[in-house]
Amino acid sequence: MSHLSKIKTQIYDLDVLKKALKDLNLEWKPSSTSLCNFQGQVYTVDLAIEQPNTSDFGFIWNGKGATCSV
């Protein structure tokens, strides 16, 4: 059975986000990338994390902080 969770967080330092992702052994793409969620909505993210199960996610940087988007 699949399970979706939604968490809200803000990261205020892009370098800290990149280091945290590296510490978690997550590879990311550092450019604007379009991701599509399971409902077909398309998001443009600044850091994309591709997963083998195709449940990719990314972070949107607004100049002051980053928010996670699925």
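The values are calculated or read from the model by the stated rules, or taken from the named source; none is laboratory data. Since we're looking at a predicted model, the values are computed, not measured. For neighbour counting, all protein chains shown are included, and Cβ atoms are generated from backbone atoms with ideal geometry for every residue, glycine included. Areas reflect the complete protein model, heavy atoms only, side chains present, ligands, DNA and RNA absent. Shrake-Rupley method; radii C 1.70, N 1.55, O 1.52, S 1.80 Å.
Please go through the range 21-34 and give me each residue that is modelled with pLDDT of 80 or more and touching a strand residue (DSSP E or B) at 6+ places or on another chain (Cβ under 8 Å), ordered by number.
First, pick out the residues of the range 21-34 that are modelled with pLDDT of 80 or more: 21-29, 34.
Within the range 21-34, Leu21, Leu26, Glu27, Trp28, Lys29, Ser34 qualify.
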Quiz item: Filter the range 26-50 for residues that are polar (S, T, N, Q) and over 14 Å from the mean Cα position of the chain (by Cα); which is nearest to Asn62 (Cα to Cα)?
Solution: Gln41
Exercise. Determine if the range 27-41 includes at least one residue that is surrounded by 10 or more Cβ atoms within 10 Å (Cβ to Cβ), of a type in the set (Ser, Thr, Tyr) and assigned to a loop (DSSP other than H, G, I, E, B).
Key: yes
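Among the candidates Ser2, Ser55, single out the residue that is small (Gly, Ala, Ser) and either open to solvent by less than 90 Å² (accessible area, probe 1.4 Å) or under 12 Å from the mean Cα position of the chain (by Cα) (or both).
Numbers: Ser2 fails: either open to solvent by less than 90 Å² (accessible area, probe 1.4 Å) or under 12 Å from the mean Cα position of the chain (by Cα) (or both).
Just one listed residue meets the conditions, Ser55.
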